[in-house]
Amino acid sequence: MSVFDTTLRDGEQTPGVSLTLDEKIAIARQLDKLGINIIEAGFPVSSRGEFESVKSIANAGLGCKVCGLSRIITKDIDACLDAGVDIVHVFVSTSDIQIAHTIKKSKEEIIAAAVDSIQYVKDHGATCLFSAMDATRTNPEFLTKIFRAAEDAGSDIINIPDTVGVMAPSAFYQLVKEVTDATNITVDVHCHNDFGLAVANTLAAVEAGAREVQVTINGLGERAGNANLAETVMSLHSIYGARTSIKTEYLVETAKLVERLTDVKIPITAPIVGDNAFSHESGIHSHGVLERSDTFEPGIMTPEMVGHRRRIVLGKHTGRHAVRQFLEEGGYRPNEEQLQDILTRIKELGDKGKQITDADLQTIADVVLGEVDRGKQAVVLKEVSVMTGNIITPTATVRAVVRGQERVLANTGVGPVDAAVKAVRLLLGDEAMLRVRDFRIEAITGGSDALAEVVIGVENASGRRVAARSAREDIVMASVEALVSAINRLMLLEERKDG
Ligand code: KIV
Ligand code: ZN
């Protein structure tokens, strides 16, 4: 099964999306890494910039084939050929409604022009893909006639687009079957998602004999978009037992890159690549998944297969089992009473609509189990001062008591927060052989006296990770406090482990 990606052409027609040359090249490289067979890089005749980006992608030395879009007009085809693409995708409207209102040619003239264009592409040594635009609203006899003419003219692939996304899967199956029976070349489909059926229609087409699928990352495309690549490919692999060249472990990485560059957010509930695709909150589900993941996951598709990760999310539906597992992984050993107390606090926060992060859980656990640990803090912060401005290098001085011994250290950084964080780490020397894995300013509320909430995640040499948060009006103080509290937590957990 060949996978044809049109993220850079139809996907870029998503209202509000416009990519720079560098962004397009970055996406093309990622698509190549993902194992796409054909990338539709753009519509070269449409503008100088579009021509240049198609040309750059065609010359980028990718392993996949690169395709350019063209009307059945010589100057369009020439633009594709000049851009150096391997495949020219020629298209023409074939439905009565589009013919009457957009191209105003007779059906005979349309067939003749399509045939001329296909022969022109072939004469110039490129592969030809022919699309009958709005095929699903085209008179079936005319559709068969133009596809047969395209095959006779030498087209390598014919494409059946459901341009306005109006097919039901059973009807599309029927149509694709008629076309595959009437022709002897590769049949490709291009489904739009106006009724949310683009993936279902694409899969129905494969059942009917289509051998190439046109898809986009994150389902981008005109109006409601095109068939989503991840959903189509994973259904083909896991449900239909079909094979493609897609390296599915890069699906999430690719989806995130395209999300970042197009600024079109992936919904948290999106299948396969959405944040919640392998997340479990409810007590029954989490318990089941912790025992055996396929109790409440498909099993035929795992997070590892698509480059995702399984998450047990704590919230008001969380059960004891999940909380205990979370705490034990973090090095806490609560007794039954403490566990119940922690669970009650989590549910109270959940009832207030809050999702409980690792940092929240650790804070709750520290409070509940804290009696034992109070006064045992390895690092006690005494003072932080920073100097910054446009003519001096930001410098921070930190004074702290580390295991009973007072230490002072000053350090510079790219900004005051960086200087302060580095100063704390240097101050601790070998004791803070740790990496800052995560630094997030989670919320800033209000005006210039706003409260900044900082979350810092750190990891020590043995791979143990903790996170801590702090909220202050002063962002440097919030950062240092969060860091010190993460370090204390890490040291405490190591002591508990050793003790
Ligand atoms: O939706 C459509 O019909 C298209 C064609 C150019 C294939 O995008
Ligand atoms: Zn389209």
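Throughout, read-outs are computed from the coordinates displayed, never taken from laboratory work. Only a predicted model underlies this, so the values are computations on that prediction, with no experimental measurement involved. Every residue, glycine among them, receives a Cβ derived from its backbone with ideal geometry; neighbour counts consider all protein chains shown.
Listed here are the pairs Lys265/Lys354; Lys24/Lys247; Lys177/Lys265; Lys75/Lys105; which of them are more than 29 Å apart at the Cα?
Result: Lys177/Lys265 exceed 29 Å.
So for each of 351-358, 186-193 I average, over its residues, the number of other beta carbons within 10 Å; can you give me the resulting order with the highest mean first?
On the way: 351-358: 13.8, 186-193: 25.2.
Going by the mean number of other Cβ atoms within 10 Å, highest first, we get 186-193, 351-358.
Okay, which of the range 19-54 sit inside 20 Å, backbone N to the point 7 Å along the Cα-Cβ direction of Thr74?
Hits in the range 19-54 for Thr74 at 20 Å: 44-46.
Could you let me know the centre-to-centre spacing of the range 255-272 and the range 89-156, using Cα atoms, in angstrom?
That distance is 35 Å.
Taking the Cα atoms of the range 2-262 alone, what are Rg (to one decimal) and Dmax (as a whole number) in Å?
Cα radius of gyration and Dmax of the range 2-262 are 16.9, 49 Å respectively.
Is any residue of the range 67-99 close enough, with backbone N under 16 Å, to a label point placed 7 angstrom from the Cα of Glu109 along the Cα-Cβ axis, and if so, which?
Under cut-off, by backbone N: 72-74, 92-99.
Check cross-link reach from Lys422 to the lysines: straight Cα distance under 21 Å, and skip same-chain residues fewer than eight apart.
Lys382
Suppose R0 equals 51 Å; then what is the FRET efficiency for Thr144 and Arg435 from their Cβ-Cβ distance, rounded to the nearest 0.05?
With R0 = 51 Å, the Cβ-Cβ based efficiency is 0.20.
Please report the spacing between the Cα centers of the range 11-29 and the range 291-334 in Å, no decimals.
36
Hey, what's the Kirkwood Rh for the chain if you take every pair of different alpha carbons, in angstrom?
Answer for the chain: a Kirkwood hydrodynamic radius of 26.4 Å.
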